[in-house]
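First comes the structure, then the notes that go with it.
The values are calculated or read from the model by the stated rules, or taken from the named source; none is laboratory data. Please read these numbers as outputs of a predicted model, since none were measured by experiment. Note that each Cβ is placed from the backbone with ideal geometry, even for glycine, and that neighbours are counted across all protein chains shown. Heavy atoms of the whole protein, side chains included, go into the accessibility calculation; ligands, DNA and RNA do not. Shrake-Rupley method; radii C 1.70, N 1.55, O 1.52, S 1.80 Å.
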Amino acid sequence: MTEYNFAYLDEQTKRMIRRAILKGLAIPGYQVPFASREMPMPYGWGTGGVQVSAAVLTPKDTFKVIDQGADDTTNAVSIRTFFQRTAGVATTTTTSDATVIQTRHRIPEEPLHEGQILVYQVPIPEPLRFLEPRESETRKMHSLEEYGLMHVKLYEDISRHGHIATSYAYPVKVEGRYVMDPSPIPKFDNPKLGDMAAIQLFGAGREQRIYALPPYTQVVSLDFEDHPFEASKADHPCGMCGATDSYLDELIIDDAGGRMFVCSDTDYCEVRQAAGHKRKDAA
Amino acid sequence: MYVAVKGGERAIENAHAWLAEERRGNTDIAELSIAQIREQLSLAVNRVMAEGSLYDPDLAALAIKQARGDLIEAIFLIRAYRTTLPRFGASEPLDTGIMACDRRISATFKDLPGGQVLGPTFDYTHRLLNFKLAADGEVTKAPSRDAETGNVPHVTEFLNREGLMEEAPHDDTPPPDLTREPLEMPADRALRLQALTRADEGFTLGLAYSTQRGYGRNHAFVGELRIGSVPVEMDIPELGFAVEIGEVILTECETVNQFTGSKTEPPQFTRGYGLVFGQTERKAISMALVDRALRWEELGEDNVGAPAQDAEFVLYHADNIQATGFLEHIKLPHYVDFQSELELVRKLRREAGAQQVQEAAE
């Protein structure tokens with residue numbers, strides 16, 4: 001495609017986005033407003049992530065896209081194809097080979113290394129949104145570090161259910177300052193956010209916000225001393241590769257409601273199977 | 001399965017091929033041309049230009065064809081295309097006072113300089129299906145005369161002379177650009193108007209209607225509604241003066257609203273303003289009503305908690321491209337988040353069950 005600039009966006013727009021990214025990296029966890037553009041895919045389908053990826057991709061990069069941990073889900077395929085067409089970059093499904101990974105709702109199982117960038121698609125960047133719908137209010141709360149409302153919400157969960165009833169998009173505190181929404185990743189992934197070797201960038205297109213975590217940032221999931229944070233997953237091994245340490249999807253496999261659990265990270269599962277870890281259900 | 005672990009790529013390709021076939025429909029029926037859509041579905045074209053924020057009837061017609069007549073989808077196509085266009089500069093402010101009006105009505109004065117011009121309106125048609133159109137669409141020629149040229153004064157100016165109309169002070173501050181800066185609150189009137197002119201017609205209409213039914217009522221008269229073409233001038237740096245580069249058709253609506261005065265303002269009439277690309281009068285009138293409702297603060301009125309008074313609510317939810325995208329994204333797979341919810345609900349149920357057993361035992 002020659003009608004469009006490298007990675008679709010024009011250079012001025014990419015520059016504007018890079019500035020927002022740099023500001024975000026300088027103030028970890030702070031939501032930087034940016035002039036999000038209309039992209040040729042719908043808002044809510046990863047336009048924030050796509051704009052961040054477009055701004056950081058170079059012709060030498062190798063790009064990987066996952067949605068729900070998988071490379072082959074329809075929207076991941078669509079976004080990967082978009083950058084193949086508009087940027088001509090090499091693509092991969094292998095986590096360790098990728099230099100830029102765009103993700104929706106998961107962090108890969110395999111630890112990322114320095115030099116990699118993980119780009120998250122974010123639907124609602126504001127962790128306080130469902131406690132206070134007004135943007136003008138929540139921005140004030142962040143600037144005053146007024147997070148009492150969030151702690152009250154978590155406390156009410158415990159008093160009502162005995163647990164914090166948030167299982168994904170579990171709020172975190174970054175470097176002891178900003179409360180941040182990690183995007184709707186399962187809380188199983190939360191411990192991977194902190195002290196990560198890769199750069200983590202978060203793009204919310206419709207809400208016009210970018211935020212970031214530089215490498216090796218301290219990220220703490222909110223909790224109480226007597227109710228410590230607990231990363232949870234289905235209590236099964238993967239039905240394909242036998243992994244016991246990976247996040248699992250539950251599949252319904254017959255009319256009688258029979259179930260099977262498999263790795264949500266398809267690359268992780270395939271690499272393990274290729275290395276000889278097979279279970280009875282593996283093809 | 002719409003997302004087999006493998007095969008998503010082929011499924012997408014096949015879906016696109018099928019979509020293309022459905023768009024075309026029965027190939028025994030002649031294909032629609034862009035010119036046919038532009039000429040015969042011109043109000044749809046106008047809406048797509050207005051909410052797409054791009055004045056180009058041919059591209060809007062193409063978008064309608066490609067979108068199978070889904071106007072929000074067509075608006076989306078135009079918006080996505082618009083983002084890629086380079087910006088050469090900004091035009092001079094348009095002067096709607098020199099509009100060559102096809103239609104110009106005032107509901108506040110029986111007659112006025114420039115006259116009332118009904119123009120091509122549905123207003124007094126009887127809404128009876130015209131079965132003759134199903135057979136042939138031939139029309140008899142309508143009588144014509146040249147458009148009024150020269151200045152067509154705005155009705156609100158007459159009221160202004162008497163001091164009955166709220167002043168609209170001249171302001172040379174460059175307006176903010178919604179498409180180049182993130183929308184942030186509080187939004188000034190220029191920014192609010194910018195958001196409203198590209199806002200979803202249905203949403204704007206609903207909000208405007210709610211003000212008429214008492215949710216932030218500010219009884220509005222259509223002081224003036226005018227539709228016609230206005231020249232667009234642009235300052236060319238090499239020439240050192242502005243030249244006309246084309247013309248656009250616009251709908252402008254100025255409402256005159258009752259106002260009994262507040263702590264800060266004397267009793268007078270106040271203004272609501274709507275300006276929209278193309279012949280789009282339902283949208284322009286709606287815009288003017290919502291604009292007026294949003295002005296409660298600067299006029300020192302009470303906030304009665306009506307949705308149309310709430311700038312943050314109105315502006316963050318008026319864009320149909322944002323709204324439709326986020327709404328429809330819930331079709332995307334969410335099994336990772338759903339899985340974690342499943343586990344949580346199972347855990348809570350287990351514990352609740354255990355508690356009940358224990359209570360029964362006690």
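What to note about this one:
- Residue count for region A:150-181 under the criterion of being open to solvent by 50 Å² or more (accessible area, probe 1.4 Å) and within 9 Å of chain B (Cβ to nearest Cβ): the result is 2.
- Any hit, region B:61-76, residues being in a loop (DSSP other than H, G, I, E, B) and among the aromatic types (Phe, Trp, Tyr): no
- Entry remark, region A:238-263: residues being assigned to a loop (DSSP other than H, G, I, E, B), among the acidic types (Asp, Glu) and touching a residue at least 12 places away in the same chain (Cβ under 8 Å) number 1 in total.
- Among the conditions (1) farther than 17 Å from A:Ile124 by Cα; (2) touching a residue at least 60 places away in the same chain (Cβ under 8 Å); (3) open to solvent by less than 10 Å² (accessible area, probe 1.4 Å), A:Pro28 misses just one, which is (3).
- Boolean, B:Glu359 is out of contact with any Pro (no Cβ under 7 Å at 6 or more places or on another chain), more than 9 Å from every other protein chain (Cβ to nearest Cβ) and assigned to a loop (DSSP other than H, G, I, E, B): no
- Conditions (1) more than 30 Å from B:Leu275 (Cα to Cα); (2) among the acidic types (Asp, Glu); (3) at pLDDT 95 or above; number of the one not met by B:Glu13: (3)
- The single residue among B:Gly202, B:Gly216 that is open to solvent by less than 40 Å² (accessible area, probe 1.4 Å) and of a type outside the set (A, V, I, L, M) turns out to be B:Gly216.
- Check on B:Arg87, farther than 26 Å from B:Arg282 by Cβ and open to solvent by 70 Å² or more (accessible area, probe 1.4 Å): yes
- Residues (within 14 Å of chain A (Cβ to nearest Cβ), of a type in the set (D, E, K, R) and touching a Ser or Thr at 6+ places or on another chain (Cβ under 7 Å)) located in region B:182-228: B:Arg198
- The number of residues in region B:219-248 being over 18 Å from B:Gly114 (Cβ atoms) and touching an Asp or Glu at 6+ places or on another chain (Cβ under 8 Å) comes to 9.
- Hey, A:Phe34 within 11 Å of chain B (Cβ to nearest Cβ), over 17 Å from the mean Cα position of the chain (by Cα), open to solvent by less than 10 Å² (accessible area, probe 1.4 Å) and not polar (S, T, N, Q) or not: yes
- Lone unmet requirement of (1) among the hydrophobic types (A, V, I, L, M, F, W, C); (2) over 20 Å from A:Asp267 (Cβ atoms); (3) assigned to a helix (DSSP H, G or I) for A:Phe188: (2)
For (1) open to solvent by less than 20 Å² (accessible area, probe 1.4 Å); (2) part of a helix (DSSP H, G or I); (3) in contact with a helix residue (DSSP H, G or I) (Cβ under 8 Å, 6 or more places away or on another chain); (4) not assigned by TED's automatic domain parsing to the domain that holds B:Ser53, each residue gets a yes or a no:
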{"residue": "B:Glu238", "(1), (2), (3), (4)": "no, no, no, yes"}
{"residue": "B:Gly272", "(1), (2), (3), (4)": "yes, no, yes, yes"}
{"residue": "B:Met287", "(1), (2), (3), (4)": "yes, yes, yes, yes"}
{"residue": "B:Asp291", "(1), (2), (3), (4)": "yes, yes, yes, yes"}
{"residue": "B:Glu297", "(1), (2), (3), (4)": "no, no, no, yes"}
{"residue": "B:Gly300", "(1), (2), (3), (4)": "no, no, no, yes"}
{"residue": "B:Tyr316", "(1), (2), (3), (4)": "no, yes, yes, yes"}
{"residue": "B:Glu341", "(1), (2), (3), (4)": "no, yes, no, yes"}
{"residue": "B:Val345", "(1), (2), (3), (4)": "no, yes, no, yes"}
